[in-house]
1. Over the stretch A:175-303, what is the relative contact order in whole percent, taking alpha-carbon pairs under 8 Å and six or more residues apart?
2. Suppose R0 equals 22 Å; then what is the FRET efficiency for residue A:330 and residue A:370 from their Cβ-Cβ distance, rounded to the nearest 0.05?
3. Projected area of the stretch A:397-481, taken from the Cα convex hull and averaged over every viewing direction, in nm²?
4. Which residue, B:283, B:130, B:188, tops the fluctuation ranking in a GNM of chain B built on C-alpha contacts under 10 Å?
5. I'd like the mean, over residues of A:101-107, of how many other protein chain beta carbons sit within 10 Å of each residue's own Cβ.
6. Which value at 222 nm does chain A reach when only helices count, each DSSP H run of 4 or more adding -39,500 (n - 2.57), with the total divided by all residues and rounded to the nearest 500 deg cm²/dmol?
7. Show me A:460-473, A:193-206 ranked by packing, highest mean number of other Cβ atoms within 10 Å first.
8. Taking a temperature of 10 °C and a viscosity of 1.306 mPa s, what whole-number D in µm²/s does Stokes-Einstein yield for the stretch A:344-421 with Rh from Kirkwood over alpha carbon pairs?
């Protein structure tokens, strides 16, 4: 390495936001034709580092060199021109424009001063094909595409800019397993074409599969760089959290007796062509997981319970009594006491510009008010309890919730619902894009709530979570329950084989399918 | 293969406005004593283009997720100015027209600069600038009066080849010279992108500020073209406060009728033109059916509500309630 000028180097980078130190004397060396994994908890400075590289924020101190020459970027456009392209965690697509419009948006092909639509179409089709997403029509509007397709468009858009350094910030978090493997092939091909790739992910297995080199960030600094594969998962996590990594999952209690009456029960739930005859039960004190590939109806099932879907077939029973849940406000009412922690906290969980206090009390306002007037003292007591219980890190209750880190925003969403002391808690992939430390806290909280008598239905795309947290797991495939795994049956192998609807040779006779 | 379906989905608002206008105009002409004659079309066109220009102007700003409440006042100000300047020899008249258009452009540019660089809310900024523009108009014409080059005025309000209304030809020319290039330029796309998702546009390195600035500035220019035509029809300038406000509000109605989303990022000035023409036809319909003109505001309101509801019908088919809010 010594003597060779690296493709890109940053040294001594510092950045403060007000009093908060996001980066402190951080550095990074990027070489061509390699994939560089970046690891760290949320708030470790990864995102800020990337934003500095991509020209979104200007550093307070430090220097960057590209091909040995010092560079500064005044805007994302300037960084793009230098060949640094970033796929951001928050999608950067314009919803009302078409896929093709979006792919060429930074530098559309022009003819006589106007945008050349034919050339634009051609570029878009090439880029989509390169990203392995030829199934997306270039004229489709981005807002009509599901999240996973949008992410593919985002990747195609980045490729269309012919980058030298491509940064992927949690770029696979919304992708289906099939897309992830496609994207991995694309990334490996790009590496062989000489590109430098920075790959930021909370998913350790992805980093292990892809990266040549890894750098770990903690508290705004790069704390270690090592060749991929030279450290064990445990060592890496210890570097990330800076403390002993053990017992990330709380221990499970003895199984809830099967004779206990179910708190939540579904009988033959069907909806449109997305849910087919789903029957399940969740008892008080139980954590029941929903597994399977992404997009097999798990989200719809949770929405069905929460009264969001119209024209639902089948029956929902609460404490053995049939109920008709026609809207989320019915679902949360005292008789039912349901809470849904949504998948997309930014649109379905929080009102970002409003304060932490307001966000926390929204769902519980009816309980905190008398004759329409909010009891401020009661509100404050409850909020203090919640902030303490969930260890929410915030500079104050009256700052916009959008200013919090991702993990703390998610805690606010959960706290908001806990303020109603729900009896049934539905969680839709609550740990997506959240750091290890916060995840661990959430797992413990989930178990604590179950022990206190809540019935929990928990959808996760992360198999480790399902294995570590759940008493039972229902694996969905194409809108139907394919298999139920109980206790020790919940293994990675069983989860994957039933998610792919393969009858694994290890499926224990007589305990499996309930399909 | 199914490209046309995407095109159709994109143009749905425009086609709907076109349909509404055609139906209304057909009812109007078939009930008119004179029927579908060049004369009837010319009168309708001359009445319609004023609002059409102002609605086009409003569209440009609405696309950026803004709103221009000064648009009617720019229209009045340029009318007052034209009643001073668009007179005399052909040379003087030409210079006068250029000056009037330049003032419109300037008014729009001021709006844009305040909203974009001054970071004021478009509603507040344009209420304030609108009052200023009206004030200047009032200084120019404290009382109705003035004159205009009548040769030019008559030429632009008569018919070309005896059949096609000249005002319609000018409208078409303006669409081809201003709207089409704008909507297909990088700046136009930046305006759409800024209206749809400003952060995403910024992150993608889109020239948001220039796009929005161009939209506000061109809006001023289009309003000035409307102001010129008002002068050609009336031969005078008049700072009529109520009329300026009415044009501002009607332009918003026309934009909505034309399928332009007030949330920004979606719609076309062509749709807004048909929206404006349809809106104008309401008054004509009342006339042929012998209604008291007093009914006009009421009917305009009802038609607007019905037209906007058409777009909401799709919501009845939605089975996932979360999609209501998209």
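What follows is calculated from the coordinates using simple rules that are stated; it is not laboratory data. What you see is a predicted model, and the numbers here were worked out from it, not measured in a lab. Quick reminder, even Gly has a Cβ in these numbers, built from the backbone with ideal geometry, and neighbours come from all protein chains shown.
1. 16
2. Using R0 = 22 Å, I get an efficiency of 0.50.
3. The Cα convex hull of the stretch A:397-481, projected and averaged over all directions, gives 6.6 nm².
4. Looking only at B:283, B:130, B:188, the biggest GNM fluctuation is shown by B:283.
5. The per-residue average across the peptide is 4.
6. That calculation yields -9000 deg cm²/dmol at 222 nm.
7. By packing density, highest mean first, the sequence is A:460-473, A:193-206.
8. D = 129 µm²/s.
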